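So the structure is just underneath, and the comments pick up after that.
None of the figures in this text is laboratory data; all of them are computed from the coordinates on show. All values derive from a computational prediction rather than experimental measurement. Don't worry about glycine lacking a Cβ; one is built from the backbone with ideal geometry, like all the others, and counts go over all protein chains shown.
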Amino acid sequence: MNIRPVLLLVSVLPFGVMADCYELAGRDFKIESDLLLAVSFRESTWRDNALNYVSPDSYAIGRMQIHSQNFNHLSQFGITPEHLKNDVCMNIYTGAYYLAIAFKRWGYSWWAVGAYNAGFKNDTEQEKKRMKYAGEVREIYEGIKVKR
């Protein structure tokens with residue numbers, strides 16, 4: 001990933017209410033808000049209505065691209081796919097929740113950031129995916145830090 005386009009895109013960092021959602025989710029889950037911004041940018045380029053269909057039963061929605069495989073788990077908290085689609089802050093908080101799970105499992109590391117996208121499966125293919133994703137998020141994160 002080339003840093004120049006990232007710097008250009010991060011020049012339009014979310015402000016106002018959306019920025020507050022990243023700040024609050026970061027505070028509540030003890031994750032730096034700029035890291036949440038970077039993950040969100042990598043997942044959806046901050047598009048509230050982002051939808052990634054793999055199949056009718058496998059898709060991800062919103063800024064943090066919450067995957068349908070998590071909907072059953074989230075239902076115990078009263079969170080529905082409609083909430084994740086229509087409530088941007090709920091989507092951001094849910095993404096922070098899953099990133100916090102990765103940090104709890106693997107420590108506050110880029111390896112754990114990679115697990116947000118590629119999961120925890122312990123095999124060579126998933127390890128490559130985790131490292132690729134973590135590198136992309138790190139580059140975006142560093143671009144955000146330059147803009148601050």
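Summary table below
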| item | result |
| --- | --- |
| Pairwise Cα inverse-distance average, inverted: Kirkwood Rh of the range 71-148 (Å) | 13.8 |
| About the Cα centre, charge dipole magnitude for the chain (Lys/Arg +1, Asp/Glu -1 at Cβ), debye | 380 |
| Translational diffusion of the chain, µm² s⁻¹ [Kirkwood Rh, Cα pairs; Stokes-Einstein; 37 °C; 0.692 mPa s] | 213 |
| Using θ = phi - 60° and Karplus 6.51 cos²θ - 1.76 cosθ + 1.60, couplings along the range 139-148 (whole Hz; Gly, Pro as x) | 5, 5, 4, 5, x, 5, 4, 5, 6, 6 |
| Placed amide H near Tyr59: partners under 5 Å, 5+ positions off or other chain | Val54, Ser68, Gln69 |
| Cut-off 14 Å between beta-carbons: net charge of the residues surrounding Tyr133, Lys and Arg +1, Asp and Glu -1 | +2 |
| From phi via Karplus (6.51, -1.76, 1.60), per-residue ³J(HN,Hα) for the range 41-57 in Hz, x at Gly/Pro | 5, 5, 6, 9, 6, 6, 8, 4, 9, 4, 9, 10, 8, 9, 7, x, 9 |
| Length-normalised contact order for the chain - Cα pairs under 8 Å, 6+ apart - percent | 27 |
| Estimated [θ] at 222 nm from DSSP helical runs (n ≥ 4, -39500 (n - 2.57)) normalised by residues in the chain, nearest 500 | -20000 deg cm²/dmol |
| Proximal lysines relative to Lys147, as straight alpha-carbon distance under 27 Å, when same-chain residues fewer than 8 apart are discounted | Lys30, Lys132 |
| Exposure proxy ranking, count of Cβ atoms within 10 Å, fewest first, for Phe29, Phe77, Phe71 | Phe77, Phe71, Phe29 |
